[in-house]
Structures are given as structure tokens and as C-alpha cells.
Amino acid sequence: MHFRIKDENSQIPVISIVGGKSNSGKTTLLEKIIREAKCRGWRVATLKHDVHGFEMDQPGKDTWRHAQAGADVVVISSPHKIAILESVSGDQPLDEVIARIHGVDVIFTEGYKSGNKPKIEVYRSTVHQELFCKLEELIAIASDITFDNGIPCFGLDDAPGICDLIEGKYGIKVSLQ
């Protein structure tokens, strides 16, 4: 049995995993954080921003055919998943996309490096020359080197430490019973 020790009116924390360049290890770190969060009983949402666009529908499949026929919103539901595809006229503001997510303890974003949410920057000394973010935007740095700038710094594999920080900072408490 799980129960939440969280005020139902409190906002869901949104944390962006960012890096100055592609292939910095953002997705790999996020996978580790998600696994650790799930071990702690957290309900997790992720939001990936893709400036290049994407297609989830497969040409010829029913949902693709619905969209091709002009449906503005296409929903597919099964006993295990629901997916909602909505046509939009342009890139949606992060806060508008987040407003659609409910029933989770934390939301992690990837790819919103200019967004206004607290960030964990992934920094690899072989890929980066300097931090991408301003220090005031960061709640943590995940890196293969240490920084002495007042921002908590974790190793690239330290998902437990990062989740401890998030738990303490945002009060995520889940009791597994």
C-alpha cells in the first residue's frame, strides 16, 4: 500500500535535465533518476521537447488514418496505456504542456534548456568547456568532475543522491506499506 504525505494543493515539482550539447548524457542520467524514483514509490512524469518534430503514429495505422482525415485530437487507449496526440499550431509553452499532467509526484523535462524551471545540468569534461546554465537556475550538477561553486554536484551515476536532494527540496514523501 502506498500513501502520499503531500498536500494535495501543492504544485508538482518540475525539474529540467539539461546539458549544453547533444550527447552529454541527459537521457542516460534521466533513466537512472526515473528508476531510483520508482524504487522510492514516486509517481513520475517525463516531458521531452523535440524541436525537430516527431511522429508517434505509424503510416496506415488507425490513429494515423484518423489524423490524416483531419482529427485535431487522436486518443488511443488500451488496458495498459493511453496516448493522446493533439495537433497544435506551434511550439506550446512549457507551462501549458505541464498543466496537462496530473497524478504524479514529480515531472522531469528533457530538452527545455531555456525554460524557467529548476535545472540539473549534465556536464561531461570531454564534451563541455563550461556550464551552460546560470548558477541561479541550477539545483544540482551531475558531472564527471567536481565544481566548487556552491551548487550540489553529483557523479553521473549518483541517482540516489540526486533523488535525496529532490526529496528534501520538494518534500516528496511516499511511504511504502
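The values are calculated or read from the model by the stated rules, or taken from the named source; none is laboratory data. Being a predicted model, the structure only gives us computed values, none of them experimental. Don't worry about glycine lacking a Cβ; one is built from the backbone with ideal geometry, like all the others, and counts go over all protein chains shown.
Say whether the condition of being of a type in the set (Lys, Arg) and surrounded by 15 or more Cβ atoms within 10 Å (Cβ to Cβ) is met by at least one residue in the stretch 134-157. Full working, then the answer.
Initial filter on the stretch 134-157 (of a type in the set (Lys, Arg)): 134.
This time we only want the ones that are surrounded by 15 or more Cβ atoms within 10 Å (Cβ to Cβ), so: none.
Within the stretch 134-157, not a single residue is of a type in the set (Lys, Arg) and surrounded by 15 or more Cβ atoms within 10 Å (Cβ to Cβ).
Within the stretch 121-149, take every residue that is small (Gly, Ala, Ser) and at pLDDT 95 or above and give me the one that is nearest to ARG35 (Cα to Cα). First the steps, then the outcome.
We begin by selecting, within the stretch 121-149, every residue small (Gly, Ala, Ser); these are 125, 140, 142-143.
Next, only the ones that are at pLDDT 95 or above stay: 140, 142-143.
Details: ALA140: 18, ALA142: 16, SER143: 19 Å.
Result: ALA142.
Consider VAL97 carefully, then state whether it is surrounded by 14 or more Cβ atoms within 10 Å (Cβ to Cβ), assigned by TED's automatic domain parsing to the domain that holds PRO13 and among the hydrophobic types (A, V, I, L, M, F, W, C). Full working, then the answer.
Values: surrounded by 14 or more Cβ atoms within 10 Å (Cβ to Cβ): yes; assigned by TED's automatic domain parsing to the domain that holds PRO13: yes; among the hydrophobic types (A, V, I, L, M, F, W, C): yes.
Spelling it out, VAL97 is indeed surrounded by 14 or more Cβ atoms within 10 Å (Cβ to Cβ), assigned by TED's automatic domain parsing to the domain that holds PRO13 and among the hydrophobic types (A, V, I, L, M, F, W, C).
When both residues are 6+ apart or on different chains and their Cβ atoms are under 7 Å apart, which pairs have a first residue that lies in the stretch 152-177 and is modelled with pLDDT under 95, and a second that is assigned to a helix (DSSP H, G or I)?
ILE172/ILE166
Out of the residues in the stretch 69-85 that are free of Cβ contacts under 8 Å to residues at least 24 places away in the same chain and surrounded by 12 or more Cβ atoms within 10 Å (Cβ to Cβ), state the one that is farthest from LEU47 (Cα to Cα).
Kept after step one, since they are free of Cβ contacts under 8 Å to residues at least 24 places away in the same chain, are these residues of the stretch 69-85: 69-82, 84.
Applying the additional criterion that residues be surrounded by 12 or more Cβ atoms within 10 Å (Cβ to Cβ) yields 71, 74-76.
Details: ALA71: 23, VAL74: 19, VAL75: 18, ILE76: 19 Å.
For the stretch 69-85, the residue satisfying everything is ALA71.
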